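Taking it in order: structure first as C-alpha coordinates, then the write-up.
The values are calculated or read from the model by the stated rules, or taken from the named source; none is laboratory data. Everything numeric in this text was worked out from a predicted model, so none of it was measured. As a convention, Cβ positions derive from the backbone with ideal geometry for all residues, glycine included, and neighbour counts pool all protein chains shown.
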Amino acid sequence: MLYRIAESADWQQAQQTGFFASADLTAEGFIHSSEQHQILETARRYYAGRADLVLLEWDEDALAAAGVRVEREWVPSRQQHFAHVFGAVPLGAVRRSWPFGANERGDFQLPAAL
(Lines give C-alpha, C1' and ligand atoms only; values in the text may rest on other atoms or scores of the structure.)
Protein backbone atom coordinates (compact mmCIF):
# COMPACT_ATOMS: atom_id res chain seq x y z
CA MET A 1 0.00 0.00 0.00
CA LEU A 2 0.99 3.61 -0.57
CA TYR A 3 -0.08 6.58 1.51
CA ARG A 4 -0.84 10.21 0.79
CA ILE A 5 -1.31 13.01 3.30
CA ALA A 6 -3.99 15.01 1.55
CA GLU A 7 -5.66 18.35 1.82
CA SER A 8 -9.30 17.94 2.86
CA ALA A 9 -10.43 20.00 -0.14
CA ASP A 10 -8.58 17.67 -2.55
CA TRP A 11 -10.22 14.64 -0.93
CA GLN A 12 -13.66 16.23 -1.13
CA GLN A 13 -13.07 17.05 -4.81
CA ALA A 14 -12.04 13.44 -5.43
CA GLN A 15 -15.29 12.18 -4.00
CA GLN A 16 -17.16 14.38 -6.47
CA THR A 17 -15.05 13.62 -9.56
CA GLY A 18 -14.06 10.00 -8.90
CA PHE A 19 -10.33 10.80 -9.05
CA PHE A 20 -7.85 12.17 -6.52
CA ALA A 21 -5.54 14.85 -7.89
CA SER A 22 -3.51 17.51 -6.12
CA ALA A 23 -1.46 20.58 -6.88
CA ASP A 24 1.76 18.55 -7.15
CA LEU A 25 0.32 16.54 -10.06
CA THR A 26 -0.20 19.77 -12.01
CA ALA A 27 3.06 21.40 -10.93
CA GLU A 28 5.43 18.40 -11.06
CA GLY A 29 3.62 15.80 -13.16
CA PHE A 30 3.19 13.32 -10.31
CA ILE A 31 1.57 12.94 -6.90
CA HIS A 32 3.92 12.47 -3.97
CA SER A 33 3.18 9.43 -1.84
CA SER A 34 4.85 7.49 0.93
CA GLU A 35 5.39 4.01 2.23
CA GLN A 36 3.92 3.46 5.68
CA HIS A 37 7.27 3.94 7.45
CA GLN A 38 7.67 7.39 5.80
CA ILE A 39 4.32 8.92 6.78
CA LEU A 40 5.18 10.47 10.14
CA GLU A 41 8.42 12.13 8.99
CA THR A 42 6.64 13.51 5.92
CA ALA A 43 3.90 14.90 8.18
CA ARG A 44 6.45 16.46 10.54
CA ARG A 45 8.45 18.08 7.71
CA TYR A 46 5.67 19.39 5.50
CA TYR A 47 2.47 19.58 7.54
CA ALA A 48 3.60 20.84 10.95
CA GLY A 49 0.71 22.04 13.10
CA ARG A 50 -1.97 21.09 10.56
CA ALA A 51 -5.07 19.43 11.94
CA ASP A 52 -7.23 19.46 8.81
CA LEU A 53 -5.71 16.68 6.73
CA VAL A 54 -6.74 13.25 5.47
CA LEU A 55 -4.52 10.19 5.23
CA LEU A 56 -5.30 8.10 2.15
CA GLU A 57 -4.27 4.49 1.59
CA TRP A 58 -3.81 3.51 -2.05
CA ASP A 59 -3.60 0.00 -3.43
CA GLU A 60 -0.63 -0.08 -5.77
CA ASP A 61 -2.01 -3.09 -7.69
CA ALA A 62 -5.28 -1.20 -8.29
CA LEU A 63 -3.29 1.77 -9.58
CA ALA A 64 -1.44 -0.49 -12.01
CA ALA A 65 -4.70 -2.10 -13.15
CA ALA A 66 -6.09 1.39 -13.84
CA GLY A 67 -3.03 2.25 -15.92
CA VAL A 68 -1.57 4.71 -13.41
CA ARG A 69 2.22 4.49 -13.38
CA VAL A 70 4.08 4.44 -10.05
CA GLU A 71 7.83 4.93 -9.88
CA ARG A 72 10.05 4.93 -6.85
CA GLU A 73 12.49 7.77 -7.19
CA TRP A 74 15.44 8.75 -5.02
CA VAL A 75 14.89 11.88 -2.94
CA PRO A 76 18.32 13.16 -1.83
CA SER A 77 16.98 15.40 0.95
CA ARG A 78 15.42 12.34 2.63
CA GLN A 79 18.01 9.76 1.49
CA GLN A 80 15.18 7.40 0.53
CA HIS A 81 13.14 6.30 -2.44
CA PHE A 82 9.59 7.66 -2.59
CA ALA A 83 6.70 6.46 -4.72
CA HIS A 84 5.61 9.02 -7.28
CA VAL A 85 2.20 8.46 -8.86
CA PHE A 86 2.03 9.70 -12.46
CA GLY A 87 -1.66 10.41 -12.84
CA ALA A 88 -4.89 11.03 -11.02
CA VAL A 89 -5.80 8.25 -8.60
CA PRO A 90 -9.17 6.60 -9.26
CA LEU A 91 -11.34 6.23 -6.16
CA GLY A 92 -11.33 2.47 -6.75
CA ALA A 93 -7.65 2.44 -5.76
CA VAL A 94 -8.31 4.21 -2.44
CA ARG A 95 -8.71 1.45 0.15
CA ARG A 96 -9.08 3.49 3.33
CA SER A 97 -9.01 7.07 4.57
CA TRP A 98 -8.64 8.61 7.99
CA PRO A 99 -8.81 12.12 9.43
CA PHE A 100 -5.19 13.06 10.02
CA GLY A 101 -3.65 15.94 11.86
CA ALA A 102 -1.32 17.08 14.57
CA ASN A 103 -2.49 16.77 18.15
CA GLU A 104 -2.42 19.63 20.65
CA ARG A 105 1.34 19.11 21.16
CA GLY A 106 1.90 19.29 17.40
CA ASP A 107 2.68 15.58 17.03
CA PHE A 108 1.26 13.22 14.43
CA GLN A 109 0.25 9.62 15.10
CA LEU A 110 -0.63 6.89 12.68
CA PRO A 111 -4.22 5.66 12.76
CA ALA A 112 -4.67 2.65 15.04
CA ALA A 113 -5.76 0.54 12.04
CA LEU A 114 -2.25 0.82 10.58
Original post:
Within the set of pairs 6 or more residues apart or between chains, which connect a residue that is at positive phi inside the stretch 46-60 to a residue that is assigned to a loop (DSSP other than H, G, I, E, B) and loosely packed, with under 15 Cβ neighbours inside 10 Å with Cβ atoms less than 9 Å apart?
Top reply: 49/106
**OP:** Enumerate the pairs (first residue in the stretch 3-18 and more than 10 Å from residue 53 (Cα to Cα); second residue anywhere and part of a helix (DSSP H, G or I) and modelled with pLDDT of 95 or more) with beta-carbon separation below 7 Å, excluding pairs fewer than 6 apart on the same chain, so at least 6 apart or on different chains.
**Re:** 3/36; 3/39; 14/91; 18/91
Original post:
Only one of these conditions is not met by residue 107: (1) of a type in the set (D, E, K, R); (2) over 12 Å from the mean Cα position of the chain (by Cα); (3) part of a helix (DSSP H, G or I). Which number is it?
Top reply: (3)
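Of everything in the stretch 36-64, what is in a helix (DSSP H, G or I), hydrophobic (A, V, I, L, M, F, W, C) and surrounded by 13 or more Cβ atoms within 10 Å (Cβ to Cβ)? Give them in sequence order. Can you show your working first?
Of the stretch 36-64, the ones in a helix (DSSP H, G or I) are 36-46, 60-64.
Add one more test, that the residue is hydrophobic (A, V, I, L, M, F, W, C), and what stays is 39-40, 43, 62-64.
Across the stretch 36-64, the qualifying residues are 39, 40, 43, 62, 63.
Just checking, which of 90, 99 is buried (at least 17 other Cβ atoms within 10 Å of the Cβ) and either among the aliphatic types (A, V, I, L, M) or closer than 25 Å to residue 18 by Cβ (or both)? Let's see the steps before the verdict.
Details: 99 fails: buried (at least 17 other Cβ atoms within 10 Å of the Cβ).
From the options 90, 99, the qualifying one is 90.
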**OP:** Being modelled with pLDDT under 95 and of a type in the set (S, T, N, Q) is the filter here, so list the residues in the stretch 82-114 that pass it.
**Re:** 103, 109
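So which of 34, 22 is in contact with a Phe, Trp or Tyr (Cβ under 9 Å, 6 or more places away or on another chain) and more than 14 Å from residue 96 (Cα to Cα)?
When all the criteria are applied, what remains is 34.
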